[in-house]
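Quick one: structure below, then a few questions.
The values are calculated or read from the model by the stated rules, or taken from the named source; none is laboratory data. Worth saying up front: this structure is predicted, and the values here are computed from it rather than measured. Here the Cβ is made from the backbone with ideal geometry for all residues, glycine too, and neighbour counts use every protein chain on show.
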Amino acid sequence: MAFLKRRAAAVIVITLTAALSAGSVSPADPDALPRTAPPLRADAVTRIDAALAPLVAAQLISGTLLITEAGTTVVSRSYGWSDAANQTPNRLNTRFRIGSITKQFTAMAVLLLQEQGKLRVTDPVCDHLTSCPSHWRPITLHQLLIHTSGIPDYFARADLIPHDRHIEPADLVTAIAALPVDFPAGSRYSYSNSGYVILGHVIERTSHQRYQDFLRTAILAPLRLHDTGYDDQPVAPAHAIGYKTLAVPADIDHASVAYAAGAMYSTVQDLARWTQTLIDRRFASQASVDAMLHAQISMCDREGTLCSPRQCDHQPHTCYSYGYGWFLQNQRNRSGGSDKIIEHGGAVSGFLASSRYYPDRQLHLIILTNTEILSPDPVLQRLWDAATID
């Protein structure tokens, strides 16, 4: 749901007993900043290491993980090789491709341009494109941000464009424009990387800068996210090499193909700083951050059927929501209650990522990997089970 993928078969999921159960989500409210749930166990670090030990022994983890509580690091770990051929180990400052977590930065770029008066999220997308197909005329920037545009996901069409070479943003948008829409704009939800590619092109046209340059000057540099950026010139060992398995390099998609939907790299430390800055409302206007972290739309099933908040109140464990670049959900806990989550994941060839924040506990779990062996989500669930008290 949260990942940027070309082929579902690209990810080999190792199923763990602690994996999230299907249909255990409902909309979450990020305003609960004071702790309203128990703190971590006193022996949380020992239990976390014990929970990870079987995965480490089986060499199923290659990457870095970070757990923070109220902005303070609780656990930080690195495993495996950033460059297996040269046996260069992964470190906390190793840079990994983060796939669809890129969408958070794209959404913030749009909101900053709105603050500058250069666009409004309610604008029709055609107001910001020189050549716009007629079937896009009803679509707004807001609908691109929340995946209700009806524009199909171009990344699911491996035959649409080559994935191993550079493509200009305008050419990528033109290729997407040739696809018919799947449904009328605003009628349902369907996760689509295409919307964020189009938003990237709008950012360039509106700011008169390349997408990556606007991100750097407007977001990354002010926040001192020095290990985060657009992954068009990765250099080992600072940047991890992506692998299908521990020793087989993946066929890496060119950054320009994922573009504003999934072409960024980062570190666990930078992602923790980025999220904490948003949670603390220390960047951009409060209205912009609230737009990102609050539910803009809610769905009552996995088919993308739209629901009102009242409907979700009556079926809380089948509903989930999307802000701008973030999913908002509830996770069942061991006592039968629920814990609020603000999260997003990412996947591009050779890399998997997940960033999950629990506002009631002020707890942040992040994992970045450079193999396709193990899905991050069950790993994060295993960490949660080991560290928390219901």
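Among the candidates L220, L225, single out the residue that is closer than 28 Å to T94 by Cβ, of a type outside the set (G, A, S) and touching a strand residue (DSSP E or B) at 6+ places or on another chain (Cβ under 7 Å). Break it down stepwise before answering.
Numbers: L225 fails: touching a strand residue (DSSP E or B) at 6+ places or on another chain (Cβ under 7 Å).
L220 is the lone residue from the list that is closer than 28 Å to T94 by Cβ, of a type outside the set (G, A, S) and touching a strand residue (DSSP E or B) at 6+ places or on another chain (Cβ under 7 Å).
Which ones in the range 338-383 are among the aromatic types (F, W, Y) and buried (at least 24 other Cβ atoms within 10 Å of the Cβ)?
Hits for the range 338-383 are F351, Y357.
Would you mind stating whether Q311 is among the polar types (S, T, N, Q), surrounded by fewer than 21 Cβ atoms within 10 Å (Cβ to Cβ) and either modelled with pLDDT under 75 or under 16 Å from S298 (Cβ atoms) (or both)?
Spelling it out, Q311 is indeed among the polar types (S, T, N, Q), surrounded by fewer than 21 Cβ atoms within 10 Å (Cβ to Cβ) and either modelled with pLDDT under 75 or under 16 Å from S298 (Cβ atoms) (or both).
Given (1) at positive phi; (2) outside any loop (DSSP other than H, G, I, E, B), where does G325 come up short, assuming only one miss?
So G325 meets the others, but not (2).
Answer yes if at least one residue in the range 204-218 is hydrophobic (A, V, I, L, M, F, W, C), under 29 Å from S76 (Cα atoms), in contact with a Ser or Thr (Cβ under 6 Å, 6 or more places away or on another chain) and modelled with pLDDT of 95 or more, and no otherwise.
no
For every residue, the table says whether it meets (1) more than 12 Å from the chain's Cα centre (by Cα); (2) in contact (Cβ under 8 Å) with a residue 40 or more places away in the chain; (3) not in a strand (DSSP E or B).
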{"position": "Q311", "(1), (2), (3)": "yes, no, yes"}
{"position": "S321", "(1), (2), (3)": "yes, yes, no"}
{"position": "K340", "(1), (2), (3)": "yes, yes, no"}
{"position": "L352", "(1), (2), (3)": "no, yes, no"}
{"position": "L365", "(1), (2), (3)": "yes, yes, no"}
{"position": "V379", "(1), (2), (3)": "yes, yes, yes"}
{"position": "R382", "(1), (2), (3)": "yes, yes, yes"}
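Scan the range 339-352 and give yes if some residue there is acidic (D, E) and closer than 25 Å to A70 by Cα, otherwise no.
The answer is yes; a qualifying residue exists.
Something else about it: Scan T102, T106, T68 and give me the residue that is at pLDDT 95 or above, crowded, with 19+ Cβ neighbours inside 10 Å and in a strand (DSSP E or B). Write out each step before concluding.
Numbers: T102 fails: in a strand (DSSP E or B); T106 fails: in a strand (DSSP E or B).
Sole residue among the options that is at pLDDT 95 or above, crowded, with 19+ Cβ neighbours inside 10 Å and in a strand (DSSP E or B): T68.
Considering only residues that are among the β-branched types (V, I, T), assigned to a helix (DSSP H, G or I) and touching a strand residue (DSSP E or B) at 6+ places or on another chain (Cβ under 9 Å), which ones fall in the range 258-285?
Listed by number, the residues that qualify are V268, T275, I279.
Another question, if that's okay. Only helices (runs of 4 or more DSSP H) wholly contained in the range 139-235 count here; list those with 2 or more residues that are within 17 Å of P124 (Cα to Cα) and touching a residue at least 24 places away in the same chain (Cβ under 8 Å).
Counting at least 2 such residues, we get 141-145, 169-177, 193-207.
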